[in-house]
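Read the structure below first, then the notes.
Values quoted throughout were computed directly from the atomic coordinates according to the rules given, and no laboratory measurement underlies them. Note that the structure is a prediction, hence the values are computed from the model and not measured. For neighbour counting, all protein chains shown are included, and Cβ atoms are generated from backbone atoms with ideal geometry for every residue, glycine included.
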Amino acid sequence: MSRVGRVKPFFLSPRSCRCVLANMEYDERLARFRQGKGPRNHELPSSVLSAEVKPELFHSEAKTQSTDRAMDLGLAEDHFSRPVGSFVASDIEQLKQAIEECKRLILELPEHSERQKDTVAKLIHLRLKLQELKDPEEDEPNLRVLLEHRFSKEKSKSVKQTCDKCSAIIWGLIQTWYTCTGCYYRCHSKCMNLITKPCVRSKVSHQSEYELNICPEIGLDKQDYRCAECRTPISLRGVPSEARQCDYTGQYYCSSCHWNDSAVIPARVIHNWEFEPHKVCRSSMRYLTLMISRPVLKLREINPLLFNFVEELVEIRKLRQDILLMKPYFITCKEAMEARLLLQLQDRQHFVENDDMYSLQDLIDISSGRLSCSLTEIHTTFAKHIKLDCERCQAKGFVCELCKEGDVLFPFDSHTSVCHDCSAVFHRDCYYDNSTTCPRCARMTERKHDAPNDSPEPGS
């Protein structure tokens, strides 16, 4: 006999037969319902699911039939398609019951078996559907404004984040979430109406200053044994919630507002030159992150003795003073403007405006040695342009009028001194050894006396 016409017989196990019969019964009932009421495709009303499916799934006396029907709930095409209308509470309850049934089956089935793997996959589908019903994405605006926060709807689905409000994981694949464009506060869409903390960006804009006292603790009794931010009851014993101290504010917070983040504390840097990170609350972490590059620290007023103990600060101050003396050359030089030399300091714009204001990032970079290396390189580039590359800038040099010897001098040279009145440049030794006044200042004063008096005579 030819093998072409031969059909190999196959047999179904009793369990497989029951699965097939159960599925056929479910499909047959669904078809009868659609023929009678004609619902849209991919829509299964809750009445059918609650009246017909639920009793057979969870209240059948036959354990095998109940197991198979519960697992089929997560694979029905009509159940997992997005409905046109809205779900009611009964649909969510049925999903929860199906999830519990799948969890029970996973524990009962043999480990690493195919049925256990299939049940795990169905459990995942059921949980995703349940989360989707609880947090739908329809009609979510792209921009929302709340308590000075400007929340922008995120499009990323694969990045794992944590909600700043409820401290739960944000599942971007199935949940809608927002990020504040000002302070980078992240939260679920469903948590936005629960936010009570204003945007930190507004505080930075209106009150750009640090707390300069080291951990100014006030005690839990002054806080009424409540979180300083959300007012949740807290205690040091962890009942009902653990009290965590913020090293920046000195106050105590609950675990939802204090995630044990670490940050460099400005007060410890200025007073102790200490850069060891300490634990801070979430709001302090965001504030310090936004403030780290702002030049708001005037070290000469806050702690002038710091320059006596930190040699790197003295070196940086001298480089900044030299750059300020180079700035007039670049402003009046066409080649320097075209080369945009001053833009090499665009990340530290305050370096070309003053020499006494520092940001926290400046002090961190000074401690690590990065700022000294980068600023020395920029200083060398600027000096090379003025003294070697540009003839116009060379022509603006000075000759020492006290000794009238030596090379052309510039105010940023290390061996020179500058007159505070007329900005003339001299050799340092010549300037301090001179017992008379500055020659240039004397000439300017003489010219003023010799100039004719153009004012009218009294009574004329």
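Ordering V120, V425 from the fewest to the most neighbouring beta carbons within 10 Å gives V120, V425. Relative contact order, whole percent, for segment 290-398 stands at 39, derived from Cα pairs under 8 Å and 6 or more residues apart.
Using a Förster radius of 22 Å, what is the FRET efficiency between T381 and I302 based on their Cβ-Cβ separation? Nearest 0.05, please. Working from the Cβ atoms, E equals 0.10. Taking other C-beta atoms within 10 angstrom as a stand-in for reagent exposure, K203, K96 fall in the order K96, K203, fewest first.
Annotation note: trypsin sites (Lys or Arg not before Pro) in segment 323-409 located in DSSP loop regions with a Cβ neighbour count of at most 11 within 10 Å are R340, K404.
By the count of neighbouring beta-carbon atoms within 10 Å, fewest first, I124, I378 end up ordered I124, I378.
For the cross-link pairs K387/K448; K334/K396; K129/K155; K96/K155; K318/K384, the ones whose C-alpha atoms lie over 24 Å apart are K387/K448; K96/K155. With a cut-off of 17 Å on the backbone N, the residues of segment 277-292 near the modelled label site 7 Å out from R370 along Cα-Cβ are 277, 289-292.
Using the Cα atoms of segment 186-307 to build a convex hull, what is its mean projected area in square nanometres?
Numbers: hull surface 35.0 nm².
For segment 186-307, the mean projected area of the Cα convex hull comes to 8.8 nm².
Taking amide H as placed 1.01 Å from N in the peptide plane, W259 has its amide H under 5 Å from the amide H of R282, each at least 5 places away in sequence or on another chain. Expressed per residue, the C-alpha convex hull volume of segment 143-194 stands at 69 Å³. Taking amide H positions as modeled 1.01 Å from N, with prolines and chain starts lacking one, the residues under 5 Å from Q245 and 5 or more places away or on another chain are Y253.
Here each label is just a point 7 Å from Cα along the line to Cβ, and for N193 and I218 those points are 3.2 nm apart. Annotation for segment 103-120 versus segment 395-435: alpha-carbon center distance of 88 Å.
In segment 304-394 the Cα-Cα distances spread across 10 Å bins starting at 0 as 15, 50, 25, 9, 0 percent of all pairs. In percent, rounded to a whole number, the relative contact order of segment 397-446 is 31, using alpha-carbon pairs under 8 Å and six or more apart. What number comes out for the charge environment of M326, summing +1 per Lys or Arg and -1 per Asp or Glu over other residues with Cβ under 12 Å away? Result for the local shell: +3. Close amide H partners of L146, meaning residues 5 or more places away or on another chain with modelled amide H under 5 Å apart, are F151.
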